[in-house]
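Engineer: Got a structure here, written out as structure tokens. Questions coming.
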Amino acid sequence: MNKSDIFERLRNGEIIPSSDNQRKELRSASYNTKKLLVQMNNSTDPNEVRKLLSQITDSEIDESTAVFTPLYINYGKHTKIGKNVFINFDCVFLDLGGITIEDNVLIAPKVSLLSEGHPISPEERHSLVPKPIHIKKNAWIGANATILQGVTIGENSVVAAGSVVSINVPDNAIVGGIPAKIIKNIE
């Protein structure tokens, strides 16, 4: 059976079983990303940080975007970051399922964006289930929030600090809690 590239299959939302013969490529790619992350996370030059993050994501990071390191990414090439984005210290991006961050987004410290998960069934638990995360324009993700796989955060919305978001957030909403629920709408 001629399967396409494992990264392409992940990006397309295909569940990858633990027995997949290309699975070892995931770890190899993560270690390659880690080499660049070590350089990036030890840099104090914002231009060098953007240059290295551009290499990690395989896309240009605009000069209007600021990243306060450390930032942890397991792959990188499935992350797209818009203009005028601010990513604060100590964030974690698991991006095999895809992460899109649109323009003018604020991401506070210790935010986790987790675009991949595992089945509930113990027999299948080591399979990888990818679903993209999409953070729309002008959203603000509060400190220590976790955004789970398959979630879209609406335009202008706010995710309160410490929240766990497992369902889509509409535009112009403030959500909070575990699991996150709508607290109020932004007028």
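Read the figures in this text as sums done on the coordinates, not as results from a lab. Predicted model, so just to flag it, every value in this text is computed and none were measured. Using ideal geometry, Cβ is built from the backbone for each residue, glycine included, and neighbour counts are taken over all protein chains shown.
Engineer: Which residues in region 86-115 place their backbone N less than 20 Å from a point set 7 Å from the Cα of R23 along the Cα-to-Cβ direction?
Structural biologist: The answer is 94-98, 115, whose backbone nitrogens lie closer than 20 Å to the label point.
Engineer: Test of the criteria: in region 23-72, which GluC sites (Glu not before Pro) are in a DSSP loop and have at most 14 other Cβ atoms within 10 angstrom of their Cβ?
Structural biologist: E60, E63
Engineer: Before anything else, pin down the relative contact order of region 1-93: Cα pairs under 8 Å, at least 6 apart, normalised by residue count, whole percent.
Structural biologist: Computed value for region 1-93: 23 percent relative contact order.
Engineer: Hey, got a sec? Which chymotrypsin sites (Phe, Trp or Tyr not before Pro) in region 86-187 land in a DSSP loop and have at most 16 other Cβ atoms within 10 Å?
Structural biologist: F89
Engineer: Now, a different point. What whole-number distance in Å separates the alpha-carbon centres of region 166-187 and region 117-147?
Structural biologist: Here the two parts' Cα centres lie 16 Å apart.
Engineer: Taking amide hydrogens as modeled 1.01 Å from N in the peptide plane, which residues meet the under 5 Å criterion relative to T146, leaving out close sequence neighbours?
Structural biologist: It is S112, S163, V164, V165, by chain and number.
Engineer: Can you give the extra length, in nm with one decimal, that the chain gains between F89 and K35 once fully stretched, where that is 0.36 nm per residue apart less the Cα-Cα distance?
Structural biologist: Roughly 17.6 nm would be gained on extension.
Engineer: Take the cross-link list K35/K110; K77/K137; K83/K184; K77/K131 and give me the ones stretching past 18 Å between alpha-carbons.
Structural biologist: As for pairs spanning more than 18 Å Cα to Cα, those are K35/K110; K77/K137; K83/K184.
Engineer: If you don't mind, there's one more thing I want to ask. What distance in nm separates the two pseudo spin-label positions at S166 and F68, each 7 Å out from Cα along the beta-carbon direction?
Structural biologist: Taking the two extended label points, one gets 3.0 nm.
Engineer: Shifting gears a bit: I'd like the FRET efficiency for N156 and N12, computed as 1/(1 + (r/R0)^6) with the beta carbon distance as r and R0 of 35 Å, rounded to 0.05.
Structural biologist: 0.75
Engineer: Decide, for the chain, between rounded, prolate and oblate: order the square roots of the alpha carbon gyration tensor eigenvalues as a ≥ b ≥ c, take rounded if a/c falls under 1.5, and otherwise choose prolate if a/b is larger than b/c, else oblate.
Structural biologist: Judged from the Cα gyration tensor, the chain comes out oblate (a/c at least 1.5, b/c at or above a/b).
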